[in-house]
Every structure is written in structure tokens, then in C-alpha cells.
1. Within segment 411-427, restricting attention to residues that are in a helix (DSSP H, G or I) and buried (at least 21 other Cβ atoms within 10 Å of the Cβ), which residue is modelled with the lowest pLDDT?
2. Identify, from the list Tyr408, Tyr455, the residue that is open to solvent by less than 50 Å² (accessible area, probe 1.4 Å), of a type in the set (Phe, Trp, Tyr) and at pLDDT 80 or above.
3. Considering segment 316-371 alone, what residues qualify as being among the charged types (D, E, K, R) and assigned to a helix (DSSP H, G or I)?
4. Select the helices (runs of 4 or more DSSP H) contained entirely in segment 77-185, then report the ones holding at least 2 residues which are crowded, with 20+ Cβ neighbours inside 10 Å and touching a Pro at 6+ places or on another chain (Cβ under 7 Å).
5. Filter segment 372-390 down to the residues that are among the basic types (Lys, Arg) and assigned to a helix (DSSP H, G or I), then identify the one that is nearest to Val275 (Cα to Cα).
6. Could you check, for segment 19-26, whether at least one of its residues is at pLDDT 80 or above, open to solvent by 40 Å² or more (accessible area, probe 1.4 Å) and either outside any helix (DSSP H, G or I) or in contact with a strand residue (DSSP E or B) (Cβ under 9 Å, 6 or more places away or on another chain) (or both)?
7. Looking only at segment 290-329, filter to residues that are over 21 Å from Phe249 (Cα atoms), at pLDDT 90 or above and of a type in the set (A, V, I, L, M); which one of those is surrounded by the fewest Cβ atoms within 10 Å (Cβ to Cβ)?
8. For segment 222-251, enumerate the residues that are surrounded by fewer than 13 Cβ atoms within 10 Å (Cβ to Cβ) and in a helix (DSSP H, G or I).
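The values are calculated or read from the model by the stated rules, or taken from the named source; none is laboratory data. Source: prediction; values computed, not measured. Here the Cβ positions follow ideal geometry from the backbone for every residue, glycine too, while neighbour counts run over all protein chains shown. Protein only, heavy atoms only, side chains kept; ligands, DNA and RNA dropped before computing areas. Shrake-Rupley method; radii C 1.70, N 1.55, O 1.52, S 1.80 Å.
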Amino acid sequence: MAAPDVTDRRAAKAARREGNTVDGIPPLARLFPLGLQHVLAMYAGAVAVPLIVGGALGYSAQDLAFLISADLFVAGIATIIQSVGFWRFGVRLPLMQGVTFAAVGPMIAIGQSEGIQAVFGATIACGLFMILIAPFFSQLLRFFPPIVTGTVILIIGLSLMRVAAGWIVDGSTEGAPPINVAFAFGTLLLIVLIERFAPPALQRVSVLLGLVLGTVAALFVPGMVDWSAVGEADWFAVVTPFHFGLPTFQVASVVSMLIVAIVIMTETTGDMIAVGEIVDKPVNRRQLADGLRADGLGTVIGGIFNTFPYTAFAQNVGLVSLTGVRSRWVATMAGGILVVLGLIPKISAIVEGVPRAVLGGAGIALFGMVAASGIRTLAKVRFNNKNVLIVAVSVGVALLPTVTPTIYDQFPQWFTLIFDSGISAGAITAIVLNLVLNSDEMRRTHGDDAHMGAYDAVRGPAAAALVHPQAEGTGLIPTQALSDEIAAEQGGDGMPVEAPSIGEVERSRGAGSPPD
């Protein structure tokens, strides 16, 4: 693969000058609205799980309110851990954390048979398990070449469209009311118009402006905006650990949640790889392990503070792609806002009043951007018949539970835990098919092809470092980052610099040398 062209290098320099890098910190005047935009994009999904689980267990309105406050509070802490990072915890990318939907079924079953204390005990065990196996799970990065990562990112975007459609339908059993559809597509149109005609500063918060303007318009339609809960909500609430009693650790409950942990880590791996591709800072094995540890730590904290397992929220990956804002400190600001929302229920009630139809319109843009990012990653792949089949079958398997949610209702619980999530089902299918169809013979034949990106975990010679100059590589192959100065020396006329083959790199390092 050739080195980045002159245009890419100029764009990278411009991004550094503007502070639009992963580690750059935007001015506070921009940082707060950008963070709030992330909160609004994830809020409905963040509060859905405690509402579902608490409702299934017959909790009172007061207890449900406490579960929501605890969820938002811990989601903020988990997001800060993931984006800021400390020691070996946190991927240090713009990722938002929220309670996973993959654990809803098992948690309801545990809660109904063993009580909520067993749910929290299994959650703590789930988090500790994730922390312990993160270094081993990160070795699976070699099973995520572009043919797999692009397919998984595409599946994430397509699977989330059901969430956007659910917001527009808003619980109706007879289809979406026309007024909801009008507001959804009106919000979507506002976002498009802002992206097209607004100044660059406003384009960065196009989703937030669309949500605000859509909500203001909805105020003129009776019943669209419900802020009745604002007056009843408290100004301040303390989230206390073990509010519902000390956790209990039932063996069967813990085992079922350990299966959930594998699903969570698979989904989080896909999200981290996706956001790394979007911000041009691909994750390597160590970063992946750090991110998975942060997931585990957030889950442990969740069990202590009366909430559930945490994972990266895919809808916010789409927001990063749509806005082009790469700073991880925007996610940190969003985490701080979530902590405040968890401590001040009245503000949380205001945010909850945003009409679901308006959220649905924004969701179409957000989730569509995730799918488009997957297609962009797949553009690196040479599509022979085998690779076409990998994408086709994986997407098909992933969409089965999306288009027919009851398809696996008659299967054992361990099966539904994995395959009810289209993301995990599609990821597993893509990994297995890539290993089966892209054989060792094909790997040997095409391993030195500089334009190859997807044969049995071959990413192309030094592809990661050459495509992403700031990357340290994936750890799969020897890589050599080229600085602007070196690139200028080797290709001073602005022409692309051809990457060395794997064989040449290995000969320069010595045969049998371990990868970087």
C-alpha cells in the first residue's frame, strides 16, 4: 500500500493546527455543546435498560428513578475512565459507555429467580472476569482484518436502525403516527441543512442543533413534549453503593453473566476498531486490552452502585464520524455531564423530555454514518467471490434478529445470548468465514501484495503505519511509521512512496524477529 498522499498529509496538519486530533482539547465554548450532543445521542438507550429490568422486576417509580440515576452516574464514570485512561485502563479514544442490552434477558431471569442482589453480584463477577481475560482477548485482534472490521462496522450501523425506527414508532402497535414520521424526517432535514449551509463551527454540533430545533418545534404540538416529570423530580440525589442490599453470588447466575461478558467484549472490540478507523488512530493489541479492562472496571463499579454491565455505545461512534470531531476530551466532557445528570434528577428529566420521534430522525443520520464507515473500511478490501460471500453471509446472519426479533425464541438461553445480538452474531460469522475461506495458500500467495487488505488477517505490508502515520501498528506485522520529513525525503515530488514488502521488512529486521 502506498504512503499517504500530499492531500492526506495536509489534512492531517490542518487537523493538528485546529486541535482536531484525538488528544487535542477544543475550547470550552465548543467542548460543552459537543459533549452534550453525545449525551443526547445516547440518553434514550442509556436509560432504557434500567427501565426494562426494573419494570420486569416490579419496582416502584421511586426505585426506577434511582436505577436511572445510578445508571447515568456510573455511565459517566465509565466514559471518563475509557476516554481519559489511567495506567492500563482505557482505550483513550472518543468512546461513550452505557449499559449493554445483551444482558437484559439474563438479568431479568436472575432477578426474578434470585433477586436483584444476585444480579448485582453477577455483574461484579462479570466485570472482574473481563478485567482478567482482557490481555488474552486482545490477542484476537489478528482475527479482525479489514474484511472483518468493515463488515462488523457495517452490521453495527444496520442493526442500530431498529433503534431509530423504535424511537419513531414510540411504542405504537399500529405503526408510526404520521406526526412522528414528520418530526423524524424534519429533524433529519435540519441536520442535513445545517451540514450544508451553516458555518463550520455549527456543523460540528449539527445533531445537537437538530435535536434542539426539533424539540422547540414539537412544543407547538400538544402531547409531543412531556416535561411533567420535571416538577416531580428532585434537585439532588445521592447514588449510594449497595442501595438494594449486599450482592449475592449464585453460581448459575455468574456463569450466565460470564457468557454475556464474552458478547460485550466482542461488541466493544468492534466499536473500538470502528472509532479507531474513523479518527485515523487504529487500536493495537495493548490499546484493545486497555479498553476491555476499562469495560470490566466500569461493570464492577456498576455492580457496586446498583446498575449493570457497561459497553461502548455504537450510536456515538456514528456521531464521531458525522461531526468529524476526533477529540477524546469531548467524550470526557460528555461523561462529566452524565455524572451531573445522575446526581441532579431534575436536569435528567428535562433531557428525557426530548421527543422520541426527534431522536429517531437524528438516529437515522447517526446510525447511517456508522454503516457508511464500514463501507469505507471495506473499500480497502480486494473483493473476489470469497470476500463477497463473507460480507453477504455475515450481514444476512446479523440482520435476522433485527428484522424478526423472535426468530431464536425457541433456542436455549446460551444460544440466544450470542445470536440475539446481531452485532456479535455477525462478528462471529465474519471471523469464522474469513478463516475458512481465506486459506493459508491464499495468504502465502497474496501476502506481499501492497494493495491487499483482507486475506486471513493479512492487512498488507506495513499498512497500518503507512495509512495512519500516528499509529504504532497493530502488532500483527512489522511496521515502520513514516514522518512527514522522511516521506518528503523519499518522495519529495509528492508522489506516493511504495511500501516495502513483508519479506523486505523482515529481512531488514532479521528473520524470526518478533513483531512490534
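1. Leu417
2. The match here is Tyr408.
3. Arg328, Lys346, Glu352, Arg356, listed by residue number.
4. 116-137
5. Checking each candidate, the answer is Arg376.
6. Yes, because at least one residue in segment 19-26 is at pLDDT 80 or above, open to solvent by 40 Å² or more (accessible area, probe 1.4 Å) and either outside any helix (DSSP H, G or I) or in contact with a strand residue (DSSP E or B) (Cβ under 9 Å, 6 or more places away or on another chain) (or both).
7. Only one residue tops the list, namely Leu292.
8. Passing the criteria: Ser228, Gly231, Glu232, Val251.
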